[in-house]
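Below is one structure, written out as C-alpha cells, with a few remarks after it.
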Amino acid sequence: MQLQTAWQQEIYENPQLLGKVVAIQNEKIVFVANTYKEIMAHFDQQNQSYSLFKVPRNCYHLRILSFRIKSLKKHPWLPTYPIKFYLDNHTTQIKEMLVDSGADISLINYEFGQLLGFEKSPHEAILEAEGIGGCTIPYLLRNTLIEIAGFQFENLFAWLQDEQIDEMILGREMVFDLFDIEFKQAEETIIFKPRQKT
C-alpha cells in the first residue's frame, strides 16, 4: 500500500506504532510516545508547531469495519484533518481527527479528554452508545472550544470513558452544519469552507 501522506504510510508499515501517540511535522512522524503529555513535554521548550495523532491499537481492523468499504484496501487513505483545541491553561493543541460523515457526533478518547481538563462529577450518569457489532461504548457529553480552518466555535463531543478506545472522530453534529466539506480522495485532501450566515 502506498499513501501520499508519509506519516500515514509509516503507521501502516510499522505495527510497533499501534497504540502510540505520534507527533507530526511537515507530513512526517518526528516523535513517538506512549501519552500525549510525553510529547507535549518533549516539545515544550522547542517552540515548534506540530500535530498529534493517537494510533488505534487495532488500526487495520477498525478502519475497514468503520467504513464498511471493501475498496479501502485499494486506497487506504485515512481522511484526517488537523483540529486546534484550546486547553484550560490557555495553550492550544493540534490533533489529527478522522472526519467521518457516518458518525452522528464527534468523539474524544479518554486520555485526550483528560488533557483538555475534562472530569466526571461524582453523580454524573454515564451514557452509552452502540458500537460496531452491537457492543456498547460508555461516554459523557462535553463542549469544548476548537478551531477549524481559522473558524473558532464550541463543539459538542462524546468523551469516551473506555480507556482502551483510541478513536478521535469528527462527526456530523454541529460541524457539518457550520462547514461545507469537500473530500478529494485522489489528492488525499479535505477542504473545510465555513458556511455563510443567512
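Among all residues of region 90-97, there is at least one that is at pLDDT 85 or above, among the aliphatic types (A, V, I, L, M) and under 14 Å from the mean Cα position of the chain (by Cα).
For residues in region 8-55 being aliphatic (A, V, I, L, M) and loosely packed, with under 15 Cβ neighbours inside 10 Å, which is farthest from TYR110 (Cα to Cα)? Residue satisfying both the conditions and the ranking: ALA41.
Condition check: in contact (Cβ under 8 Å) with a residue 60 or more places away in the chain, touching a Gly at 6+ places or on another chain (Cβ under 9 Å), outside any loop (DSSP other than H, G, I, E, B) and surrounded by 17 or more Cβ atoms within 10 Å (Cβ to Cβ). Does LEU107 satisfy that? It is true that LEU107 is in contact (Cβ under 8 Å) with a residue 60 or more places away in the chain, touching a Gly at 6+ places or on another chain (Cβ under 9 Å), outside any loop (DSSP other than H, G, I, E, B) and surrounded by 17 or more Cβ atoms within 10 Å (Cβ to Cβ). A Cβ distance below 7 Å, combined with a sequence gap of six or more or placement on separate chains, defines the contacts here; from region 149-161, residues that are farther than 11 Å from LEU127 by Cβ reach residues that are outside any strand (DSSP E or B) in the pairs PHE153/LEU178; ASN155/MET174; ASN155/VAL175; LEU156/ILE105; LEU156/GLU173; LEU156/MET174.
So which residues in region 59-87 are closer than 24 Å to THR35 by Cα and either in a strand (DSSP E or B) or at pLDDT 60 or above (or both), if there are any at all? Please lay out each step first, then the result.
Narrowing region 59-87 to residues closer than 24 Å to THR35 by Cα: 59-63, 78-87.
LEU78, PRO79, THR80, TYR81, PRO82, ILE83, LYS84, PHE85, TYR86, LEU87, listed by residue number.
Of the residues making up region 149-178, just one is outside any strand (DSSP E or B), within 15 Å of TYR81 (Cβ to Cβ) and among the β-branched types (Val, Ile, Thr), namely VAL175.
Screening the candidates ILE181, ILE146 for the property of being aliphatic (A, V, I, L, M), in a strand (DSSP E or B), farther than 16 Å from LYS95 by Cα and in contact with a strand residue (DSSP E or B) (Cβ under 9 Å, 6 or more places away or on another chain) yields one hit, ILE181.
The set of residues in region 152-198 that are of a type in the set (Val, Ile, Thr) and surrounded by 11 or more Cβ atoms within 10 Å (Cβ to Cβ) comprises ILE165, ILE169, VAL175, ILE181, THR189, ILE190, ILE191.
The values are calculated or read from the model by the stated rules, or taken from the named source; none is laboratory data. Keep in mind it's a predicted model, so treat the numbers as computed, not measured. For neighbour counting, all protein chains shown are included, and Cβ atoms are generated from backbone atoms with ideal geometry for every residue, glycine included.
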